Amino acid sequence: MTTYTGVVRRLLLSSSPDNRAIERLQLSFYLADPYLHSIGHAVGNVMERGSTKSLQFTIWADTHHPSYEHCVLLGQRFMSFFQACPSAFRWLTGLILQNLTSGDTDISKILNTCTKLEFLSLTYCDSVIDPVTGDDVVLTIDVPRSALVALEITTCGYAGVDLIQAPKLQRLVCANWIGVNPPLRFGNVPRLHSITLRHAALHWQRPFLLSHCLSNTTSLSIMYLNFADQMIWIEPEDPKHLSPIFSHLRDVYLYNIFYECDLNWTMFVLEAAPSLSNFYLKLSRHPCERSRCEDSAMKVNVPWDQASPDFKHQWLSLLEIVGFVVDEKLTKYIRLVIELAMGLKRIRLLDQEPCARCNAMNNGQPPSPTRRRFPAEEEKNVIRQQLVDGLSSPVEISIG
């Protein structure tokens, strides 16, 4: 860090008013004393000139796999840096933090102080455990004057995330949570249009209703749900409950659905989103159990038999399935979508991407002839015919 700090200071000093201005500044450094204040003051001096439009800090822990106690120390060290260098943080537009254990109000304090902050990423972060109950703390974000546009929370130790007020927030990513479901609660987030949830369900987490999790969001246009080959952690529900939330939804990604799971449950999403244009599914066949751990929830099938008998979708244009194989179950599902989607123009059926761990389990041998597989070239025309046989759809079907 000594060499890095010296280089940063020389670089920033060279950007004097008489030299070429720095329009965008991105710095990545370890959260290590005694260098932080030196970096912060040098950055602050440059930012006060007003010619730099974008400033981003990426801040790492100063050790690999820090203990909880060390993460608490890092959190305290960061807040000391934050308070000592107001000129730098006043102009901050992006902040990426890792391995910090902060006070329960520190994140809101950062967002309320950094009035230009548009992007915040938290990875392996949490709050100090409640000293009375010993429980994890809910991350509360109540920032009515914040400029925050994008928020990413990945593998953090919060009991949940409560977005009370974030009026400019547009994109949200939440992955690998440890608390009970649902992981999020929404208050005033009127501009939220893209949400990504990625998670391998744990045994203490029960499936939840999207209508409960996403209540108060009415501007979503993109939804990406990744189940990481494990239990489906959402519960199908009456589409009427989701229609106000999904009224503007255009693109839905349901990724890494374990292959043995029936797919008919996905129809409740289609029915609840009348404006949906693109529907992306990714099926996962991984004998290597790449995402499984000792705390993983048991994988169970998701039943669904509540489709409205008169339902037709008018706007769906594209159905894409990654992980397609020659299988009667998939054929029936695709035919069902063709029947219900009156304006369907294209179906793309793609093979699963290779997995080195699965291949190693096979010792490099070719798959068994009886194993589910992607269709050979000479089978593709037959499969196309099977998918539209008896239906009057002009849909274009591409395989591979």
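The values are calculated or read from the model by the stated rules, or taken from the named source; none is laboratory data. From a predicted model like this one, the values you see are computed outputs, not experimental measurements. Cβ atoms come from the backbone with ideal geometry, glycine included; neighbour counts cover every protein chain shown. Just the protein is used for accessible areas: all its heavy atoms, side chains included, with ligands, DNA and RNA removed. Shrake-Rupley method; radii C 1.70, N 1.55, O 1.52, S 1.80 Å.
On full extension, the segment bounded by A360 and T58 gains 105.1 nm, given 0.36 nm per residue less the C-alpha separation. P183: net charge of surrounding residues, Cβ under 14 Å, Lys/Arg +1, Asp/Glu -1, itself excluded? Neighbourhood net charge equals -1. When the chain is treated as a GNM with alpha-carbon contacts under 10 Å, the residue of L220, L139, L25 showing the greatest mean-square fluctuation is L25. Surface exposure of the chain, expressed per residue as accessible area with a 1.4 Å probe, stands at 48 Å². Exposed loop GluC sites (Glu not before Pro) only (DSSP loop, at most 15 other Cβ atoms within 10 Å): please give the longest stretch of the chain free of them, not including the sites. Of all site-free stretches, the longest is 49-259. The modelled label-to-label distance between S275 and S392, using points 7 Å beyond Cα along the C-beta direction, is 3.0 nm.
Over all pairs of different C-alpha atoms in the range 279-325, the reciprocal of the mean inverse distance, the Kirkwood hydrodynamic radius, equals 14.5 Å. Across the range 223-270, Cα-Cα pairs farther apart than 18 Å form 28% of the total. Per-residue ellipticity at 222 nm computed for the chain from its helices equals -7000 deg cm²/dmol, with DSSP H segments shorter than 4 residues left out and the rest contributing -39,500 (n - 2.57).
Under the rule a/c < 1.5 gives rounded, and otherwise a/b versus b/c splits prolate from oblate, where does the range 241-400 land using the Cα gyration tensor? Here the range 241-400 falls in the oblate category.
Each principal axis of the Cα cloud of the range 94-177 was taken in turn, and the coordinate range along them, longest first, works out to 34, 22, 18 Å. Using a probe radius of 1.4 angstrom, the carbon and sulfur fraction of the accessible surface of the chain is 51%. Charge tally for R292 (other residues, Cβ to Cβ under 10 Å; Lys, Arg +1; Asp, Glu -1): -2. Semi-axes of the equivalent ellipsoid of the range 1-116 are 25, 16, 10 Å, computed as sqrt(5λ) over the eigenvalues of the C-alpha gyration tensor in descending order.
Once the Cα atoms of helix 36-47 and of the chain are each reduced to a long axis, what angle between those two axes, in degrees from 0 to 90 to the nearest 10, is obtained? Between helix and principal axis, roughly 90 degrees. All Cα-Cα distances of the range 92-248, cut into 5 Å bins from zero to the largest, leave 2, 9, 18, 23, 21, 15, 8, 3, 0 percent in each bin in turn.
Among N45, N188, N176, the largest mean-square fluctuation in a Gaussian network model of the chain, built with springs joining Cα atoms closer than 10 Å, belongs to N45. Stokes-Einstein, applied to the Kirkwood radius of the range 142-206 over Cα pairs at a viscosity of 1.567 mPa s and 4 °C, places its translational diffusion at 106 µm² s⁻¹.
In plain terms, if you count all Cα to Cα distances in the chain and split them into 20 Å steps from zero, the share in each step is 24, 47, 26, 3 percent. Thinking of the range 208-330 as a set of Cα atoms, what percent of all their pairs are more than 17 Å apart? That tail contains 59 percent of the Cα-Cα pairs.
Within the listed set F311, F29, F78, the Gaussian network model of the chain (springs between alpha-carbon atoms below 10 Å) gives the highest mean-square fluctuation for F311.
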